[in-house]
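A short worksheet on the structure shown next.
Here, each number is a calculation from the coordinates, and none is a lab measurement. Note that the structure is a prediction, hence the values are computed from the model and not measured. Note that each Cβ is placed from the backbone with ideal geometry, even for glycine, and that neighbours are counted across all protein chains shown.
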Amino acid sequence: MTDAGDSARKPLGSKPSLFLERQSYRRRRMTDAARLLPFLGAALLVIPLLWPDETVESQAVPLSSAIFYIFACWGLLILVSLFFGLTARRLGRRESPEADAD
């Protein structure tokens with residue numbers, strides 16, 4: 001189960017590092033945030049369902065405001081996902097092993 005190369009590389013009695021490298025940590029947190037983005041989007045798009053409707057005339061929200069809100073959320077989600085994609089690409093380039101070989 002254990003590789004002979006592992007024991008040759010690590011001295012006996014050494015403990016594994018508790019901390020990740022800074023770039024690896026950032027990449028993982030960006031990945032976690034990107035995974036939560038669909039849930040955030042669903043929560044934002046459900047909010048207009050909680051607004052008062054026409055049964056209470058004094059507090060009703062116009063349909064045009066609700067549609068504007070939905071499209072604003074949609075555009076914001078596109079921009080945030082674009083940001084996550086560009087950041088993931090940039091962090092991926094920094095860690096590529098081919099760049100170190102050149």
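Kindly provide the set of residues from segment 61-85 that are surrounded by 13 or more Cβ atoms within 10 Å (Cβ to Cβ) and either among the charged types (D, E, K, R) or part of a loop (DSSP other than H, G, I, E, B) (or both), ordered by number. Scanning segment 61-85 gives a single hit, Val61. Specify the residue that is farthest from the chain's Cα centre (by Cα); the eligible residues are those in segment 19-54 that are of a type in the set (D, E, K, R) and within 17 Å of Thr87 (Cβ to Cβ). Out of the qualifying residues, it is Glu21.
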